[in-house]
Amino acid sequence: MPINAAYEDIPGTVVFDMDRARQGYHLNMFCMTLMKPENRVAFKANEAEYLKQFPMTEAQAKAILSRDWNAMINLGGNIYFTGKLAATDGLSFQQVAAKMSANSQEEYLQMMLAGGRSVEGNRSKSEWKNRG
Amino acid sequence: MAKIVAGVGTSHVPAIGAALDNGRTGEPYWKPVFAGYEKSKEWIAKLKPDVCIAVYNDHASAFSLEMFPTFGVGAGEEYPIADEGWGPRPVPPVKGHPDLAWHIIQSVVQDDFDLCICNKMAVDHGLSVPLSVMFGQPSEWPCPIIPVIVNVVVYPVPTGKRCYMLGKAIRKAVESFDKDLKVVIFGTGGMSHQLAGQRAGLINKEFDNRFLDNLVHDPAANLDITHLEYLREAGAEAIELVMWQVMRGALDDEVNEIHRFYHVPASNTAVGHIILENKKS
């Protein structure tokens, strides 16, 4: 465990700390390869086969193949790395954020236009206890 | 003697770069964002800095989990624009200033900061978006740029106070350079935002505006903000604001506020921007 993990109390937030950086090494390094156009093409041509180059866990590979963005983050992915996968899919950071946190793109867009998600009620996991 | 005359704080939201590159600046969503930088473009065009030092974070572009330096200074002649997954932004490569950069490295390392020396480094939106909002879309950037990178991605990341002290060391280095150069320092990133998880989209205007106020009138007050407070109060990626502390540390204690702009939203982020000039310059 990191020396100071008080941030674990922040709800809906995964801090890319030493445990996650170790857990997500291969998932994130796969994402780095998508900075080359020829790799993006090769990945898109056969995603499952492409992923076999990286010794990640089955759960990590499944999260990538199903584009479960929250699962990727929970399994050690970092948004700036998975952002390369998003870009490969033609998705913006906003579209991915909406997939992770809202019911729809429109709902997320409207929330942002209205000033964003308030910090009130979103500081501590204790405030999220009653959420469904 | 070289001298830092002013500091610029600005968000570096990639979508702002995309809006510029795709000719969308006149759209109702983007118009107010770019309007906030009109005065800034005029200000810097008139000031004509000889060099800009740009403090930003690499977003896993030049660096990855293979290596991730806490602090680094670009000492190269030229930096290509990174392909972050959608092809490189159509902006000019960034030209460096190796003489001043190596001098800064020499001086700052002797001041107890252990820097990574970066000669070959692709630069991403963290650097190119601040250049675009300040300089527009020229065929080449108007002056050499010295990139200064700070790790705010892979924890543990440096504290705001450490970043502020780095700014002071950079200032001392610049002032001991033997050529007359007018230098502007950029601190980039933030303001409140969170890109991932079920809390994505978090914005805290009160936090951001207090940070901006303190930056002008009481910079020491911002140094006490802990990592936990940045994350909890202003979203996971608000940690980027520690890079504004480098910029502030490089200025005089007393500064004049030349311009300020704050707007929500740009993509997932609160856009904050400030220009501070040293009073004695």
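The values are calculated or read from the model by the stated rules, or taken from the named source; none is laboratory data. All of these numbers come straight from a predicted model, not from anything done at the bench. In this analysis, Cβ positions are derived from the backbone assuming ideal geometry, glycine residues included, and neighbour counts consider all displayed protein chains.
Do you know which residues across region B:232-281 are surrounded by fewer than 23 Cβ atoms within 10 Å (Cβ to Cβ), within 14 Å of another protein chain (Cβ to nearest Cβ) and over 22 Å from B:G17 (Cα atoms)?
Within region B:232-281, just B:E233 meets the criteria.
Which members of region B:1-36 meet the condition of being within 15 Å of the chain's Cα centre (by Cα) and closer than 23 Å to B:D124 by Cα?
B:G7, B:V8, B:G9, B:T10, B:S11, B:H12, B:V13, B:P14, B:I16, B:G17 - these are the residues of region B:1-36 that are within 15 Å of the chain's Cα centre (by Cα) and closer than 23 Å to B:D124 by Cα.
Restricting to region B:243-281, count the residues that are part of a helix (DSSP H, G or I) and in contact with a Lys or Arg (Cβ under 8 Å, 6 or more places away or on another chain).
2
Can you confirm whether B:D180 is surrounded by fewer than 19 Cβ atoms within 10 Å (Cβ to Cβ), in contact with an Asp or Glu (Cβ under 9 Å, 6 or more places away or on another chain) and either away from every other protein chain (no Cβ under 12 Å) or at pLDDT 95 or above (or both)?
Against the criterion (surrounded by fewer than 19 Cβ atoms within 10 Å (Cβ to Cβ), in contact with an Asp or Glu (Cβ under 9 Å, 6 or more places away or on another chain) and either away from every other protein chain (no Cβ under 12 Å) or at pLDDT 95 or above (or both)), B:D180 qualifies.
Could you please find all residues in region B:166-212 being under 19 Å from B:A250 (Cβ atoms), of a type in the set (S, T, N, Q) and in a loop (DSSP other than H, G, I, E, B)?
If the condition is that a residue be under 19 Å from B:A250 (Cβ atoms), of a type in the set (S, T, N, Q) and in a loop (DSSP other than H, G, I, E, B), then B:S176 is the only one that fits.
Quick one: A:W128 ticks every box in (1) free of Cβ contacts under 8 Å to residues at least 40 places away in the same chain; (2) under 26 Å from A:E8 (Cβ atoms); (3) not acidic (D, E) bar one, so which box is it?
Result: A:W128 passes all but (1).
Can you confirm whether region B:168-182 contains a residue that is under 27 Å from B:P88 (Cα atoms), touching a residue at least 60 places away in the same chain (Cβ under 8 Å) and hydrophobic (A, V, I, L, M, F, W, C)?
To start, the set of residues in region B:168-182 that are under 27 Å from B:P88 (Cα atoms) comprises none.
The answer is no; no qualifying residue exists.
Conditions first: (1) more than 24 Å from B:N57 (Cα to Cα); (2) exposed (fewer than 13 other Cβ atoms within 10 Å of the Cβ). A:L109 passes all but one, so which condition is the exception?
(2)
Would you pick out the residues in region B:213-242 that are among the aliphatic types (A, V, I, L, M), in contact with a helix residue (DSSP H, G or I) (Cβ under 9 Å, 6 or more places away or on another chain), touching a residue at least 40 places away in the same chain (Cβ under 8 Å) and assigned to a helix (DSSP H, G or I)?
Residues satisfying the conditions are B:L215, B:L223, B:A234, B:A236, B:A238, B:I239, B:L241, B:V242.
Could you list, in sequence order, all residues of region B:73-100 that are buried (at least 22 other Cβ atoms within 10 Å of the Cβ), touching a Cys at 6+ places or on another chain (Cβ under 9 Å) and either in a strand (DSSP E or B) or among the hydrophobic types (A, V, I, L, M, F, W, C) (or both)?
Within region B:73-100, B:V73, B:G74, B:A75, B:Y79 meet the criteria.
May I ask you to say which residue of A:W69, A:W128 is in contact with a Lys or Arg (Cβ under 6 Å, 6 or more places away or on another chain) and more than 7 Å from every other protein chain (Cβ to nearest Cβ)?
Among A:W69, A:W128, only A:W69 is in contact with a Lys or Arg (Cβ under 6 Å, 6 or more places away or on another chain) and more than 7 Å from every other protein chain (Cβ to nearest Cβ).
Is it true that some residue in region A:97-120 is in contact with an Asp or Glu (Cβ under 7 Å, 6 or more places away or on another chain) and either more than 9 Å from chain B (Cβ to nearest Cβ) or more than 20 Å from A:K44 (Cβ to Cβ) (or both)?
Checking region A:97-120: at least one residue is in contact with an Asp or Glu (Cβ under 7 Å, 6 or more places away or on another chain) and either more than 9 Å from chain B (Cβ to nearest Cβ) or more than 20 Å from A:K44 (Cβ to Cβ) (or both).
Quick one: in region A:12-59, which of the residues that are over 23 Å from B:V153 (Cα atoms) and at the interface with another protein chain (Cβ under 8 Å from one of its Cβ atoms) is surrounded by the most Cβ atoms within 10 Å (Cβ to Cβ)?
The selected residue is A:R40.
Looking at region B:16-42, which of the residues that are among the small types (G, A, S) and touching a Phe, Trp or Tyr at 6+ places or on another chain (Cβ under 7 Å) is nearest to B:G167 (Cα to Cα)?
Applying the filter and picking the extreme gives B:G36.
Conditions first: (1) over 17 Å from the mean Cα position of the chain (by Cα); (2) surrounded by 22 or more Cβ atoms within 10 Å (Cβ to Cβ). B:S107 passes all but one, so which condition is the exception?
(2)
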